[in-house]
Amino acid sequence: MCSVFLTSHNTNPAFGLVPICGAVQWSAVGNRVTVVLGAQWGDEGKGKVVDLLAQDADMVCRCQGGNNAGHTVVVDSVEYDFHLLPSGIINPKATAFIGNGVVIHLPGLFEEAEKNERKGKGLQGWEGRLVISDRAHIVFDFHQAVDGVQEQQRQEQAGKNLGTTKKGIGPVYSAKAARSGLRICDLLHDFDQFSERYKGLAKHYKSMYPTVVIDVDGELAKLKSCMERIKPMVRDGVHFMHEALHGPPKKILVEGANAALLDIDFGTYPFVTSSNCTVGGVCTGLGMPPQNVGEVYGVVKAYTTRVGIGAFPTEQSNEIGELLQTRGKEVGVTTGRKRRCGWLDLVLVKYAHMINGFTAIALTKLDILDVLPEIKVGVVYNLDNQPIPHFPANQEVLQRVEVQYDTLPGWNSDTSAARRFEDLPENAQKYVLYIEEHLGVPVKWIGVGKSRESMIQLF
Ligand code: GDP
Ligand code: IMO
Ligand code: MG
């Protein structure tokens with residue numbers, strides 16, 4: 001039996017240990033990807049953090065979700081909004097990759113790109129820089145229509161819907177799991193065969209949801225023209241990713257969509273989305289091994305927001321919530337709905353950290369708290385007057401928890417011009433340090449405004 005030696009790769013720290021077994025030299029780990037993930041219920045400011053990191057990235061990727069996401073990037077006072085495209089596509093030197101875990105509404109993809117292209121220079125040459133995995137599932141118009149009907153039925157039958165974005169996310173991931181979905185590779189392989197399968201699927205949905213209007217010929221015609229357009233962009237995603245990881249050193253960025261508490265497994269089920277928005281989704285959604293995951297940055301808003309229905313223990317249905325909503329301009333990028341607002345909930349962020357293992361935090365929208373005389377932070381959940389040791393899985397239990405808060409003094413001054421930690425008022429510094437200590441994770445960035453420049457970097 002041969003012995004195994006471990007030697008480190010000398011030239012590039014991104015490459016890990018190289019085990020050598022006798023004459024066989026195993027391959028190096030390769031490049032490591034940097035991951036940006038939402039740590040609450042979404043809209044934490046992931047787009048802005050990605051934009052910051054994407055400025056020197058070679059490749060930017062999306063691994064899950066669809067155009068239910070809404071990521072804002074502000075460059076030179078132009079506000080871009082991304083839903084399906086990785087926000088980092090705004091860097092004209094970056095290749096953008098949409099992985100197999102993403103669900104794609106093709107006409108929506110082109111509309112989004114063209115809309116952003118009209119806004120400014122950011123999307124120059126995007127069509128030549130976009131790569132799409134052949135294993136990604138396709139969202140059809142009828143998935144979106146069915147999403148709406150399902151919501152209506154939930155309301156009628158149970159008196160409560162989920163508050164989905166109606167982008168077809170639940171129906172398309174259901175079809176994927178039921179093994180009746182259609183993928184990009186099917187569209188490109190043989191259009192006649194694809195059309196037959198599409199018609200079969202449309203018939204199936206029509207039988208289940210008779211009120212849904214499906215324009216079979218119209219949608220097939222649209223898909224045919226989309227097919228011609230995406231052909232040059234489509235690759236075997238696993239092979240493409242493998243080459244990126246094992247080619248020359250590259251900065252690869254992964255932009256999570258949605259967030260930990262919306263994750264299909266770990267979120268506040270059933271009030272969640274239908275994909276894994278936590279770190280596991282990076283590997284399954286891009287087709288890459290876990291040892292290639294490097295930094296995992298959790299994006300945490302300095303307070304909490306939630307769009308749609310579901311328990312929200314630190315929600316403030318009062319003037320505090322209204323102030324956060326108004327000052328924070330908390331309106332959904334995808335649906336235009338007002339976001340519900342409340343205090344920062346560290347029980348919830350700690351839970352997200354247990355799943356994701358954040359290596360650092362980006363704390364956003366600190367400036368929104370500038371006018372508050374005191375700031376509360378949720379630190380413990382009590383149930384029947386007893387603290388509970390973990391984040392409850394059951395929604396009825398989560399609805400019942402009583403939050404124990406710590407109260408910190410506010411700073412009553414404008415932080416928007418701060419560019420260094422030392423520029424922040426003392427109480428704002430204390431707020432950041434408090435969060436850092438409570439979570440046991442360093443805060444690497446602090447957001448004090450919408451623009452690229454309004455981000456303090458600590459290390
Ligand atoms: P995402 O879904 O996580 O990318 O976040 P959204 O784009 O949906 O929502 C975040 C909103 O907050 C956007 O309008 C951003 O421009 C804005 N934003 C991000 N960071 C900051 C910040 O530090 N301060 C302020 N005032 N706004 C911010
Ligand atoms: P970003 O990436 C906030 C919410 C919806 C709804 C639930 C299910 O911008 O942070 P879906 O359409 O996915 O079936 O809706 O999930 N939701 C989000 N909320 N930000 C998001 O994305 C969201 N993506 C989905 O509001 O409650
Ligand atoms: Mg958003």
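The values are calculated or read from the model by the stated rules, or taken from the named source; none is laboratory data. Since this is a predicted model, take the numbers as computed values, not measurements. In this analysis, Cβ positions are derived from the backbone assuming ideal geometry, glycine residues included, and neighbour counts consider all displayed protein chains. Ligands, DNA and RNA are excluded from the accessible area calculation, which covers all protein heavy atoms including side chains. Shrake-Rupley method; radii C 1.70, N 1.55, O 1.52, S 1.80 Å.
Some observations on this one:
- For Lys93, the conditions (1) touching a residue at least 24 places away in the same chain (Cβ under 8 Å); (2) outside any loop (DSSP other than H, G, I, E, B); (3) over 14 Å from Ile230 (Cα atoms) all hold with the exception of (2).
- All positions within segment 290-318 that are in contact with a Gly (Cβ under 9 Å, 6 or more places away or on another chain), away from ligand 1 (no atom under 16 Å from the Cβ) and either among the hydroxyl-bearing types (Ser, Thr, Tyr) or outside any strand (DSSP E or B) (or both): Pro290, Gln291, Asn292, Ile309, Gly310, Phe312, Pro313, Thr314, Gln316, Ser317
- A single member of Val403, Val432 is of a type in the set (Val, Ile, Thr), on the phi < 0 side of the Ramachandran plot and in a helix (DSSP H, G or I), and it is Val432.
- Picking from residues in segment 39-64 that are of a type in the set (Lys, Arg) and in a helix (DSSP H, G or I), the one that is nearest to ligand 2 (Cβ to nearest atom) is Lys46.
- Positions within segment 290-325 being of a type outside the set (A, V, I, L, M), in contact (Cβ under 8 Å) with a residue 24 or more places away in the chain and closer than 30 Å to Glu243 by Cα, in sequence order: Gln291, Asn292, Gly294, Glu295, Tyr297, Gly298
- Flag for Thr284 being assigned to a helix (DSSP H, G or I), open to solvent by 50 Å² or more (accessible area, probe 1.4 Å) and touching a residue at least 40 places away in the same chain (Cβ under 8 Å): yes
- For segment 358-384, residues that are open to solvent by 20 Å² or more (accessible area, probe 1.4 Å) and either touching a residue at least 12 places away in the same chain (Cβ under 8 Å) or in contact with a Cys (Cβ under 7 Å, 6 or more places away or on another chain) (or both) total 11.
- Flag if Asn67 is in a loop (DSSP other than H, G, I, E, B), open to solvent by 10 Å² or more (accessible area, probe 1.4 Å), out of contact with any Pro (no Cβ under 9 Å at 6 or more places or on another chain) and within 16 Å of ligand 2 (Cβ to nearest atom): yes
- Taken as a whole, the condition of being open to solvent by less than 30 Å² (accessible area, probe 1.4 Å), small (Gly, Ala, Ser), more than 16 Å from ligand 1 (Cβ to nearest atom) and modelled with pLDDT of 95 or more applies to Ala57.
- Sole exception among (1) modelled with pLDDT of 95 or more; (2) open to solvent by 10 Å² or more (accessible area, probe 1.4 Å); (3) more than 16 Å from ligand 3 (Cβ to nearest atom) for Pro92, by number: (1)
- Some residue of segment 321-331 being within 16 Å of ligand 2 (Cβ to nearest atom), in contact with a Ser or Thr (Cβ under 7 Å, 6 or more places away or on another chain) and not in a loop (DSSP other than H, G, I, E, B): no
- Test: residue in segment 397-414 that is open to solvent by 80 Å² or more (accessible area, probe 1.4 Å) and of a type in the set (A, V, I, L, M): no
- Test: residue in segment 367-386 that is under 19 Å from Val36 (Cα atoms) and of a type in the set (A, V, I, L, M): no
This table checks each residue for (1) at pLDDT below 95; (2) within 16 Å of ligand 3 (Cβ to nearest atom).
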residue: Pro19; (1), (2): yes, no
residue: Asn31; (1), (2): no, no
residue: Asp43; (1), (2): no, yes
residue: Lys48; (1), (2): no, yes
residue: Arg62; (1), (2): no, yes
residue: Gly65; (1), (2): no, yes
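- A single member of Lys329, Lys350 is under 20 Å from the mean Cα position of the chain (by Cα), within 14 Å of ligand 1 (Cβ to nearest atom) and either within 27 Å of Lys444 (Cβ to Cβ) or open to solvent by 30 Å² or more (accessible area, probe 1.4 Å) (or both), and it is Lys329.
- Of everything in segment 209-221 that is in contact (Cβ under 8 Å) with a residue 24 or more places away in the chain and loosely packed, with under 14 Cβ neighbours inside 10 Å, the residue that is nearest to Gln150 (Cα to Cα) is Thr211.
- Across segment 224-279, the number of residues qualifying as part of a loop (DSSP other than H, G, I, E, B) and surrounded by fewer than 16 Cβ atoms within 10 Å (Cβ to Cβ) comes to 7.
- Selection within segment 153-190 - on the phi < 0 side of the Ramachandran plot, exposed (fewer than 12 other Cβ atoms within 10 Å of the Cβ) and within 26 Å of the chain's Cα centre (by Cα): Ala177, Ala178
- Residue that is least open to solvent (accessible area, probe 1.4 Å) [pool: residues in segment 70-85 that are away from ligand 3 (no atom under 14 Å from the Cβ) and outside any strand (DSSP E or B)]: Ser77
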